[in-house]
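A short worksheet on the structure shown next.
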Amino acid sequence: MRIARQITPRNILFLSFNIVALITFYAPMRELIVLSLQYNETYSHIILIPIISGYFMYLRRKSVFSDTNYSYTSGIILVLIGSILYLISKKQGINLDQNDYLSLTIFSAVIFWIGGFILFFGIQAFRIAAFPLLFLIFLIPIPGFIMEKIIFLLQMGSAEAVYGFFKLTGISFLREGFVFHLPGFSIEVAKQCSGIRSSIALFIIGVILSNVFLQTGWRRIILILSIFPIVIIKNGIRIVTLSLLALYVDQSFLTDSALHREGGIVFFLIALLLLLAILWLLRKSERRIKNG
């Protein structure tokens, strides 16, 4: 009986819409999944996004689908926008690199699918399902020109953090931009030191934590905004730690040590603990106001 209740004309139409979407966007989606499985720093998180989105949609399924209706205007407009963007991406694909091509095509796919959801289930259902649906935005690779700016900001901020931590240690050094000259060797806060992969991962975790544990919008924003300085501090701690080990123990810590190659998880955990501490403070203030 339960299965019979779920087989409705609305659900059949939405299933048909999903089949059309899958056929239309199969090629770029397949390419995106392959790149994600290759552990590319830009794409490594993407394979998890539909799973997380589906999990939150499952948790909210009763409230999402308790009051549904067709929303033709809003839904069709978004479907058309997604379709037009996809046609543009196909036409301009030859002028775009792989990353930017996927950014545009996956963005069009997300808009197209959200439009279909609104078309068949309505604005009210979308409002309730907004978090899992909008979470699909993380499927979209960051466009190259935006990625370059983010990496530069992380690189610049990390260099400032390194400068501050070196000052605290009291060791002698000379700074030239992103390069720090220490006794016996020099280090550069290069683009590779920006920690873009861990930054993306921490940002996604922050978005999830803010939605699950915080109720007020401004506290959610504070938690998410705190991620940038946390990443900067984490990068500074990592670079200074490796530099001090190279200075006082062995210079191979900067070139061929396990801590240099695979120690990112250690410093990521430090960043995660800082994020959890801020979350705890925000939750505590939220409870105090609620109980007060």
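Every read-out reported here was derived from the displayed coordinates using simple, explicitly stated rules and does not represent laboratory data. None of the values given here were measured: they were computed from a predicted structure. Cβ: placed from backbone, ideal geometry, glycine included. Neighbour counts: every protein chain shown.
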* Asked: For helix 72-92, what angle does its Cα long axis make with the longest principal axis of the chain, in degrees from 0 to 90 and rounded to 10?
  -> 50 degrees
* Asked: For the stretch 69-143, what class follows from the C-alpha gyration tensor (a ≥ b ≥ c being the square roots of its eigenvalues): rounded when a/c is under 1.5, otherwise prolate if a/b is larger than b/c, else oblate?
  -> oblate
* Structure fact -> In whole µm²/s, the translational diffusion coefficient that Stokes-Einstein assigns to the stretch 1-132, given a Kirkwood hydrodynamic radius over C-alpha pairs, 10 °C and 1.306 mPa s, equals 99 µm²/s
* Asked: Among the listed pairs K149/K234; K234/K284; K90/K191, which are separated by more than 27 Å between their Cα atoms?
  -> K90/K191
* Structure fact -> Computed from the beta carbon distance with a Förster radius of 41 Å, FRET efficiency for S252 and K284 to the nearest 0.05 stands at 0.40
* Structure fact -> Scaled by the rule-of-thumb 2.2 N^0.38 Å, the alpha carbon Rg for the stretch 146-291 gives a ratio of 1.17
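As an exercise, use a Förster radius of 25 Å and the Cβ-Cβ distance of F178 and T216 to find the FRET efficiency, rounded to the nearest 0.05.
0.05
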* Roughly how big is the stretch 146-291's charge dipole about its Cα centre, with Cβ charges of +1 (Lys, Arg) and -1 (Asp, Glu), in debye to the nearest 20? -> 900 debye
* Cβ-based exposure ranking for S194, S36, in which fewest neighbours within 10 Å come first -> S36, S194
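Which of H45, H181 has the fewest other C-beta atoms within 10 Å, and how do the rest follow up to the most?
Arranged by neighbour count, lowest to highest, H45, H181 become H181, H45.
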* Asked: Once you put a point 7 Å from the Cα of L244 and another 7 Å from the Cα of K62, both along the Cβ direction, what distance in nm separates them?
  -> 5.3 nm
* Distance histogram in 10 Å bins (all Cα pairs of the stretch 122-217, percent per bin) -> 13, 31, 25, 18, 10, 4, 1
* Expressed as an acute angle from 0 to 90° and rounded to the nearest 10, what is the orientation of the C-alpha long axis of helix 196-213 relative to the principal long axis of the chain? -> 50 degrees
* Mean residue ellipticity (222 nm) of the chain, computed from DSSP H runs ≥ 4 via -39,500 (n - 2.57), nearest 500 -> -24000 deg cm²/dmol
* Stokes-Einstein D in µm²/s, Kirkwood radius over Cα pairs - the chain at 10 °C with 1.306 mPa s viscosity -> 73 µm²/s
* Asked: So for L87, L102, L202, fewest C-beta neighbours within 10 Å to most, what's the order?
  -> L87, L202, L102
* To do: Return the distance in nm (one decimal) between the two label points of a simple spin-label model at K91 and V266, each offset 7 Å from Cα along Cα→Cβ.
  => 5.4 nm
